[in-house]
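Written out below as structure tokens is the structure these notes cover.
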Amino acid sequence: MMTGITAPARPPFHRLLRVETRKLFDTRSAKIMTLVLAGLTVALIAARGVVAGPHPRTLTGTAGVGFGTLLPVLGILTVTGEWSHRTAMTTFALEPRRHRVLAAKCLPPLVTAVAASLFALLVTVPVTVISARVERVPADWNFGPLAVLGWTATNVLLVAMGLAVGMLLLSAPASIVVYLSAPALGTFVGHLGATGELLVRWFDLNTTVGPLAQGDMSGTEAARLAVSVTFWIVAPMTAGFVRAIRKEVN
């Protein structure tokens, strides 16, 4: 009498998450980028502390220069890696439910953005104290919880934008070019007169996150942020998910 064959158990989501987190930092490019980002964060905050003085809000904002460029690129490399290295067939054979794999790929870069923000804040505190003592002036600690949360959320949104573009295009070079070109495109559109300025105020994510990063948003500014997030993150991420799920693996 033949017994039924039990199908192998699918990997639990926490295992997928652990694997994708390891992939995020195991590659040579990711390790180099992580080290460069950490070193750049310390260097930028320390240098700005010498020039600008003991102002934590200014110092952390300086760290955002590196975060806004390198962290989204790290996210792009994460979601495009399977297609760039032609390992998608193996990955999706082990877990045919692609939406679970894609979700597991998106979470680590977002958590990394939060961790990087906390790292920058930890570096900012001693730099502020040392700068205040060297200049013999009181430190300006006017950097409240809302500003900290807003600045951290800004870094997360920029990484989400990189993930969305990468998910949509599934090509690392093309996605990096599109992401890095977005600020220049916003500047160009902003010089096209009143209509261009209106489009930038509502659709340029790099512009609409400004009030969020400062921790002080009005209702209109929140609406503009919502529109730009929909345009740059929600819409391309949704389309990218559908494309990645339906894309033929060869």
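The values are calculated or read from the model by the stated rules, or taken from the named source; none is laboratory data. Everything quoted here is computed from the prediction, not taken from an experiment. No Cβ is skipped: glycine too gets one built from the backbone with ideal geometry, and neighbour counts run over all protein chains shown. The accessibility values were calculated without ligands, DNA or RNA, using every heavy atom of the protein model including side chains. Shrake-Rupley method; radii C 1.70, N 1.55, O 1.52, S 1.80 Å.
Computed from the Cα positions only, the extents of region 140-250 along the three principal axes stand at 56, 36, 23 Å, in decreasing order. For a straight C-alpha distance cut-off of 19 angstrom, the aspartates and glutamates reachable from K247 (same-chain residues fewer than eight places away being disregarded) are E82, E95.
Between T187 and Q214, the FRET efficiency from the beta-carbon distance, with R0 = 25 Å, is close to 0.80. Computed over region 75-193, relative contact order equals 43 percent, with contacts defined as Cα pairs under 8 Å that lie 6+ residues apart. Rounded to the nearest 10 degrees, the inclination of helix 56-84 to the longest alpha-carbon principal axis of the chain is 20 degrees. For region 25-92, the direction-averaged projected area of the alpha-carbon convex hull comes to 5.1 nm². Using a Gaussian network model of the chain in which every pair of alpha carbons under 10 angstrom is joined by a spring, one finds that among I32, I233, I176 the greatest mean-square fluctuation is at I32. Under a Gaussian network description of the chain, with springs only between Cα atoms under 10 Å, the residue in L225, L205, L35 that fluctuates furthest is L35. Relative to the longest principal axis of the Cα atoms of the chain, the long axis of helix 98-135 makes an angle of roughly 20 degrees.
In the chain, helical runs assigned H by DSSP with n ≥ 4 each contribute -39500 (n - 2.57); averaged across all residues and rounded to the nearest 500, the mean residue ellipticity at 222 nm is -27000 deg cm²/dmol.
Averaging the Cα positions of each part gives two centres, and for region 14-45 and region 223-250 these lie 24 Å apart. Radius of gyration over Kirkwood radius for region 1-120, both on Cα atoms: the Rg/Rh ratio is 1.18. Take the convex hull of the alpha carbons in the chain; its mean projected area over all directions comes to 17.3 nm². Pairs of Cα atoms nearer than 8 Å and 6+ residues apart set the relative contact order; for region 43-128 it is 46 percent. The residue list P54, F119, L170 was ranked by how far each Cα lies along the charge dipole of the chain toward its positive end, using unit charges on Cβ atoms, and L170 comes out on top.
Computed from point charges on the beta carbon alone (+1 for Lys and Arg, -1 for Asp and Glu), the dipole magnitude for the chain about its Cα centre is near 840 Debye.
Placing a pseudo-label 7 Å from each Cα along the Cα-to-Cβ vector at T90 and A47 gives an inter-label distance of 4.0 nm.
Mean sequence separation of contacting Cα pairs (under 8 Å, at least six apart), scaled by the length of the chain, corresponds to a relative contact order of 23 percent. Mean-square fluctuations from a GNM of the chain, with a 10 angstrom spring cutoff on Cα atoms, peak among P236, P145, P109 at P145.
For the residues T195, T41, a 1.4 Å probe over the protein chains yields an accessible-area ranking, largest first, of T195, T41.
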